[in-house]
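Heads up: the structure comes next, in structure tokens.
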Amino acid sequence: MDLQVEKKIWAKGLKIVVGLDEAGRGPLAGPVVAGAVAVDYFLFKKADPAQKKELSYILKQVNDSKKLTSKKREELYGLLVKSRFIKWGIGAVSEKIIDKINIFEASRLAMAKACFSLNQKIENSCLAGRQAKLKIRYLVIDGNFLLSTEALAKAGIALVGQRSIIKGDQKVFSIAAASILAKVYRDRLMKKADKKYPQYGFARHKGYPTKHHRKMLDVFGPALIHRKSFRPVCFYSKIK
């Protein structure tokens, strides 16, 4: 991938461009998790070719998380969170909140929380020390929806604009990187859940409605971590 979309927005004077994506809309259990990624414009511009090799490698390797193996996602996760060129944030919304506000709104909330996490890192960084008023200004979002500017404003994020891009995780680096962070972070949470609820096999399917997962629901009924508003979970009356 390249930074074509990010560069076009940078050229308009908007230096903090954030890519957003989520993981976990389809599972029957566990949270929905969003990633937020911004390439550090100032470091990118002043870096010499040798310093940019690090970012160049990541750019070549990053893709839609669904097209990568689990091993490759883990490798890229480590590179992204340690890279000097990458600022990132994670937001998670539990299955209980999903049941209250629905998965679509929960996904938007997770993205807003990821933005807030990222914005705090930007404000606390030395980059922000040089420019105290530097904040998130523009979002590029995977899908066909936007975030609530009012909710973001309450968190101290005053956007200049945002744009949704269908299949953005296949077209925009910062979105693809966000998809990797969200996927790996969520998978790790589900592996932890597997230790608490080993009978369901969460480490295998991460909460998605596989044949094995449905069979275990028939045998054991839902656990506390299951989304009670999702079918077929909602048809079970006994919660364990």
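Each value in this text was obtained by applying a stated rule to the coordinates, not by laboratory testing. Values in this document were obtained by computation on a predicted structure and should not be read as measured data. Neighbour counts run over all protein chains shown; Cβ positions are idealised from the backbone, glycine included.
Which trypsin sites (Lys or Arg not before Pro) in the stretch 71-120 pass both tests, a DSSP loop state and at most 12 other beta-carbon atoms within 10 Å? Answer in residue order: 84. Panel order for 18, 39, by other beta carbons found within 10 Å of each beta carbon, from fewest to most: 39, 18. With the simple spin-label model, which puts each label point 7 Å out from Cα in the Cβ direction, the residue 51 to residue 74 separation comes to 3.2 nm. Expressed to the nearest 5 percent, the antiparallel share of DSSP beta bridges inside the chain is 60 percent. For the chain, the Stokes-Einstein estimate of translational diffusion at 20 °C and a viscosity of 1.002 mPa s comes to 116 µm²/s, using the Kirkwood hydrodynamic radius over alpha-carbon pairs. Ranking of 41, 57 by neighbouring Cβ atoms within 10 Å, starting from the fewest: 57, 41.
Evaluated on the stretch 103-206, the Kirkwood hydrodynamic radius is 15.5 Å, with distances taken between all distinct Cα atoms.
The C-alpha atoms of the chain define a longest principal axis, and helix 173-196 lies at about 30 degrees to it.
How far is helix 70-82 tilted, in degrees, relative to the longest principal axis of the Cα atoms in the chain, given as a value from 0 to 90 rounded to the nearest 10? Helix 70-82 and the main axis of the chain meet at about 40 degrees. In order along the stretch 153-162, phi translates into HN-Hα couplings of 4, 5, 8, x, 10, 9, 6, 8, x, 8 Hz, rounded to whole numbers, per the Karplus curve 6.51 cos²θ - 1.76 cosθ + 1.60 with θ = phi - 60° and x for Gly and Pro. Close amide H pairs (under 5 Å, H built 1.01 Å from N) link residue 164 with 141, residues at least 5 positions away or on another chain.
Taking 1.306 mPa s as the viscosity and 10 °C as the temperature, the Stokes-Einstein diffusion coefficient of the stretch 1-112 based on its alpha-carbon Kirkwood radius rounds to 102 µm²/s. In this structure the amide hydrogen of residue 32, modeled in the peptide plane, comes within under 5 Å of the amide hydrogens of 93, none closer than 5 places in sequence on its chain. Here the relative contact order of the stretch 4-195, from alpha carbon pairs under 8 Å that lie six or more residues apart, stands at 34 percent.
Could you tell me whether the stretch 72-127 comes out rounded, prolate or oblate from its Cα gyration tensor? Rule is a ≥ b ≥ c as square roots of the eigenvalues, rounded for a/c under 1.5, then prolate if a/b exceeds b/c, otherwise oblate.
Taking the square roots of the gyration eigenvalues as a ≥ b ≥ c, the stretch 72-127 is oblate.
With both labels modelled 7 Å from their Cα along Cα-to-Cβ, the residue 67 to residue 163 distance reads 1.9 nm.
For the chain, the longest principal axis of the alpha carbon atoms and the long axis of helix 103-124 meet at an angle near 40°.
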